[in-house]
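> Encoded as structure tokens, here's the structure I'll be asking about.
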Amino acid sequence: MFRKKSSSLTQSQTTKSIVVSANPMMPESHKRKRATVESIYDTSQAQSSVLERAQEVEVSLDPKFPSLLKVMLPSHVTGGFWLGLPKKFCCEHLPKQDIMIALEDENGEEFETKYLADKVGLSGGWRGFSIAHKLVEGDVIVFHLVTPSKFKVYIVRSNGLDEFDGALGLMRLDACKKMDTGDTIACEREESETLEPISEDNAIAFDTKSCPISDHSESESGDVGFEVLDGLRLSESVVTFEEVKCMDDFNVLVNGLIINSEFSKYILNKYYELCCSQTSFLHEHLLEGLNCKLVAGVISETVNIADAIRACNITTPEGNFSTWDQTLKAFQGLGMNIGFLLARLDQLVSLASKSKRFKEARLEKDHAEEDMRSLEAKLLEVKEAVSRLESEIETLNTSSENHELMFQEVAKASW
């Protein structure tokens, strides 16, 4: 590896950093050897050559915008396709939340990638960029942050100068044009700098400001098939559910990251049981690019609702069923395979509805019978009144004529 003995860069250019290292060492139990920058180049001369050419590209960039170099390790261009970025650079120049960052290549074509702020690196979309540009280990990428959410990217190939010379020539031509209009950007780099070889047990990171190594290496871990990122790991390969034979084989994979560490042991075991019941990963068809913590929350809440469904009874409030149904349908819209939970919930809602209706019908019947008894009592009173009146009428009817004669006599009697 090489460190600059002297620097002729301007003060504005000292914010540019060169990252040429793999991350902290992986657990000793891992059998594969960790890749370093030295190990991916045939000779120190080859390493020096590609880094010099990359630095030449970098100093040709507009110093108003920060930039950095990344040497491509195997984990960047194969397997997990995770690209960790220097933590110090990310803290100073990139947003504090997860966002989509565009990578614009030398041809002006843009590729959307997912920047994970907590993990300080590029995940979803980086694989597509890497494959589209046929990146290989040893290539050096120059990232020029022209906006908070956009890098212009320049590729310095480790196996040839053609693409590098073309890109650098275009930048120099552009710089010279700017000088003609009064711009102070220099067209030529000073050649007085020399490189002094240094050696250390591990690959190191260095920049023009001599920042601590940890600022650059915290989010990377070399070519070991996966990387450990605050408990998250990059998956070495995609495993189908048919290959999962026991709980030890079960990994929740999201955007190339294994997120088992985001769950409690109970939640992970319960989710494994749910997946086994459907012989598939329930999260397998989630929308791409979702935040890992969001996915972990969706899975955890799915387990909680499944437990609640198992624990509910016929008297569970109808509002609970409605809340579970709405939540599961929202998760289904994100791509979760939870149709079986919705079907079970529909069955329970139907049975609960029938049970509720049965109780309501019995109550209504009781009320109707009470009304009927009340009406029957009233009818009996009416019948008794009718019978009494009929007797009275019959009695009065026999003497009705005498009453009329007596009435006439009284009316016509003398005073």
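> Looking for something open to solvent by 10 Å² or more (accessible area, probe 1.4 Å), on the phi > 0 side of the Ramachandran plot and touching a residue at least 24 places away in the same chain (Cβ under 8 Å) - is there at least one such residue anywhere in the range 122-130?
Within the range 122-130, one or more residues are open to solvent by 10 Å² or more (accessible area, probe 1.4 Å), on the phi > 0 side of the Ramachandran plot and touching a residue at least 24 places away in the same chain (Cβ under 8 Å).
> Would you call GLY138 open to solvent by less than 40 Å² (accessible area, probe 1.4 Å), closer than 23 Å to LEU287 by Cβ, among the small types (Gly, Ala, Ser) and part of a loop (DSSP other than H, G, I, E, B)?
no
> Restricting the first residue to the range 342-354 and requiring it to be free of Cβ contacts under 8 Å to residues at least 60 places away in the same chain and closer than 23 Å to LEU274 by Cα, which pairs with a second residue that is assigned to a helix (DSSP H, G or I) and among the charged types (D, E, K, R) meet a Cβ separation below 9 Å and a spacing of at least six or different chains?
As it stands, the answer is LEU342/ASP325; LEU342/LYS329; LEU345/ASP325; ASP346/ASP325; VAL349/GLU318; VAL349/ASP325, since those pairs meet every condition given.
> While we're on this one: Please indicate, with yes or no, whether at least one residue in the range 240-257 is at pLDDT below 50, of a type in the set (A, V, I, L, M, F, W, C) and surrounded by fewer than 19 Cβ atoms within 10 Å (Cβ to Cβ).
No, there is no match, as no residue in the range 240-257 is at pLDDT below 50, of a type in the set (A, V, I, L, M, F, W, C) and surrounded by fewer than 19 Cβ atoms within 10 Å (Cβ to Cβ).
> In addition: When you look at ILE299, is it surrounded by 17 or more Cβ atoms within 10 Å (Cβ to Cβ) and either touching a Gly at 6+ places or on another chain (Cβ under 6 Å) or under 18 Å from CYS246 (Cα atoms) (or both), yes or no?
Answer is no for this residue.
> A further question follows. Which of the residues belonging to the range 42-100 are among the charged types (D, E, K, R), open to solvent by less than 50 Å² (accessible area, probe 1.4 Å) and part of a helix (DSSP H, G or I)?
Matches in the range 42-100: ARG53, GLU56, GLU58.
> Let me confirm something: among TYR272, TYR266, which residue is of a type in the set (Phe, Trp, Tyr), in contact with a helix residue (DSSP H, G or I) (Cβ under 7 Å, 6 or more places away or on another chain) and outside any loop (DSSP other than H, G, I, E, B)?
So the residue among TYR272, TYR266 that is of a type in the set (Phe, Trp, Tyr), in contact with a helix residue (DSSP H, G or I) (Cβ under 7 Å, 6 or more places away or on another chain) and outside any loop (DSSP other than H, G, I, E, B) is TYR272.
> Just for the range 328-348: of the residues that are part of a helix (DSSP H, G or I) and polar (S, T, N, Q), which one is most open to solvent (accessible area, probe 1.4 Å)?
GLN347
> Another question, if that's okay. Given the conditions (1) more than 24 Å from VAL238 (Cβ to Cβ); (2) part of a strand (DSSP E or B), which single one is not true for LYS114?
(1)
> Next question, about the same structure. Suppose the filter is among the small types (Gly, Ala, Ser) and open to solvent by 100 Å² or more (accessible area, probe 1.4 Å); does SER374 pass it?
No; evaluated as a whole, the condition is false for this residue.
> Let me ask something else about it. Within the range 239-277, work out how many residues are under 16 Å from ASP307 (Cα atoms) and among the polar types (S, T, N, Q).
Final tally of qualifying residues: 3.
The values are calculated or read from the model by the stated rules, or taken from the named source; none is laboratory data. Just so it is clear, the structure is predicted and the values come from calculations on it, not from any experiment. So basically every Cβ, Gly included, is an ideal-geometry build from the backbone, and we count neighbours across all protein chains shown. For accessibility, only protein heavy atoms count, side chains too; no ligands or nucleic acids. Shrake-Rupley method; radii C 1.70, N 1.55, O 1.52, S 1.80 Å.
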